[in-house]
Amino acid sequence: MRNIVYILFLFFLVSFGRPLQAEEPLTTRPLLQELGHRLLKGKQGSIVAIKPSTGEIVCLATNSPSGSNVGLAIGTAYAPGSTFKTAQALVMLSEGFISPEQTNQCNGGFTDGNIHVGCHHHVSPLALTDALAYSCNTWFLSNFMALINDDFLYESPSEAITVWHRYMTSMGMGGPLGIDLPGERGGLVANAPYLNRRYKQGWDARTILWAGMGQGDITLTPLQLCNLAVTIANRGFFYTPHIHKGTPSKPLAKKYLRRRQTLVSPDAYAPVIEGMRKAVEKGTCTAARASYTVCGKTGTVENAGRDHSAFMGFAPMNQPKIAVAVYVEHGGFGSDLAVPIASLIMEMYLKGQLSEASKAKAKRIEGVRLF
């Protein structure tokens, strides 16, 4: 079975348009590919896993009603939902707009005029790490709006969004990353010219508030979402993701060996990682608990029909060996499908096999059919 999955994956890459040479071995791991395809049976979505220290893609599994489609992972841009709150926190901390200790009150949701967004049940008031752990919409919407409106840090909302955009693109969002496969697209990170074109009558923080929780004027591919997890795991850098290994006759291009630094302050990563760790210990990612230290963030992405299920994270916390992103269309809450799928991919990579309990979990997930 393992060899068949690997051969099919090779065939798929060839049919997608990139000619493969015999001396071009892939970085993907057959065991992860096989497991990923099993877990995505009857579902439309993607699993992307990257080795943070090198940028090597160790798993790139996709599925759709017509079979595998790598375009879902590298060429389809989705709203990232609450997984994006990690990036928002990194920008706010780097700009000195918030401190890790700052607390916000949440009374069941966020309200601004006729806009109301509900929130999870959690303690209140809460600081950043708990806001990430429990995915508090109120915390991120209110602080994002306040950031864009801050006339002490910025002369105008346009300047604020320009600075915000600069941080986000440094983390690998807003344009193609440069993977060595055809068909990659970049998603959307709104900047001032884009907002001026879209909102011809003018815009302000309230107009774009949805980006505070990863909806609206922000979209990412699953590859970019996994790369965001890589930048956090590495505390501020990443290598351009790639799926082909270098060989003596055909070494990797220099761009895949060059470290790409984010603009995020080094001090910003510790509280965000602590919040992602708390999410696994007691928050929305408890299905990812393991004997090693997993850090993660869920996303439940609103759209037409049932919500999409998303997750991004990495493990172990202090010596990261794998970063994973899972995106399942119409999969429900992030904790329903994306988290347990990611936890199994991590376990297979770090342990080399699944425990009996995890094998049973994999079988249950494989039985969930969404089409």
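The values are calculated or read from the model by the stated rules, or taken from the named source; none is laboratory data. Predicted model only: the values in this text are computed from it and were never measured. Here the Cβ is made from the backbone with ideal geometry for all residues, glycine too, and neighbour counts use every protein chain on show. Calculation scope for accessible area: heavy atoms of the full protein, side chains included, ligands and nucleic acids excluded. Shrake-Rupley method; radii C 1.70, N 1.55, O 1.52, S 1.80 Å.
Quick notes
- Considering only Pro248, Leu225, Pro182, and ranking their Cα positions along the charge dipole of the chain that arises from unit charges at the beta-carbon of Lys, Arg, Asp and Glu, the one farthest toward the positive end is Pro248.
- Dipole magnitude for the chain: computed about the Cα centre from +1 point charges on Lys and Arg Cβ and -1 point charges on Asp and Glu Cβ, it is near 1320 debye.
- A dipole drawn for the chain from +1 and -1 charges on Cβ atoms has a positive end, and of Leu209, Ser94, Pro80 the residue lying farthest that way is Pro80.
- Rounded Å value of the spacing that divides the Cα centres of region 165-181 and region 240-273: 12 Å
- Taken one residue at a time, the phi angles of region 340-347 give Karplus couplings (6.51, -1.76, 1.60, θ = phi - 60°) of x, 4, 4, 4, 6, 5, 4, 4 Hz. Gly and Pro are set to x.
- The charge dipole of region 67-180, taken about the Cα centre with unit charges on the Cβ atoms of Lys, Arg (+1) and Asp, Glu (-1), comes to about 340 debye, rounded to the nearest 20.
- 5 angstrom amide H check on Ile322, placed H, neighbours 5+ away: Ala315
- Selected from Glu329, Glu24, Glu347 as most flexible by GNM, with the chain as the system and alpha-carbon contacts under 10 Å: Glu24
- Local electrostatic count, Tyr349, Cβ distance below 10 Å [Lys/Arg +1, Asp/Glu -1]: +3
- Summed residue charge, Cβ within 14 Å of Glu281's Cβ, Lys/Arg positive, Asp/Glu negative: +3
- Surface per residue (accessible, 1.4 Å probe) for the chain, Å²: 40 Å²
- Cα shape, region 32-134, gyration tensor, a/c 1.5 rule: prolate
- Computed over the chain, the per-residue total of -39500 (n - 2.57) for DSSP H runs of n ≥ 4 gives a 222 nm mean residue ellipticity of -10500 deg cm²/dmol, rounded to 500.
- Counting only protein chain heavy atoms and rolling a 1.4 Å probe, the accessible areas of Glu366, Glu159 rank, largest first, as Glu159, Glu366.
- Largest GNM mean-square fluctuation among Ala342, Ala268, Ala79, using the chain with Cα springs under 10 Å: Ala268.
- Taking the convex hull of the alpha carbon positions in region 222-271 and averaging its projected area over all directions gives 4.1 nm².
- Residue by residue, region 186-198 carries 3J(HN,Hα) couplings of x, x, 10, 10, 4, 10, 4, x, 4, 5, 5, 6, 6 Hz when phi is fed to the Karplus relation 6.51 cos²θ - 1.76 cosθ + 1.60 (θ = phi - 60°); x denotes Gly or Pro.
- Carbon + sulfur, % of accessible area of region 220-368 - ligands and nucleic acids excluded, 1.4 Å: 52 percent
- Proximal charge balance of Thr129 [Cβ under 9 Å; K/R count +1, D/E count -1]: 0
- Long-range amide H partners of Phe311 with built H, under 5 Å: Gly299, Val326
- Principal-axis analysis of the Cα atoms of the chain puts helix 2-16 at an angle of about 70° to the longest axis.
- For the chain, built as a Gaussian network whose Cα springs stay under 10 Å, the top-fluctuating residue of Leu153, Leu39, Leu223: Leu153
- Accessible area (Å², 1.4 Å probe, nearest 10) - Lys51: 60 Å²
- If only the Cβ of Lys and Arg carry +1 and only the Cβ of Asp and Glu carry -1, the dipole of region 268-335 around its Cα centre is close to 260 debye.
- Amide hydrogen neighbours beyond the local backbone of Thr293, cut-off 5 Å, H modeled: Met317
- Degrees between helix 30-39 axis and first principal axis of the chain (Cα, 0 to 90, nearest 10): 60 degrees
- Candidate lysines for bridging to Lys41, where Cα separation is under 24 Å - those fewer than 8 sequence places away on the same chain excluded: Lys297, Lys351, Lys359, Lys361, Lys363
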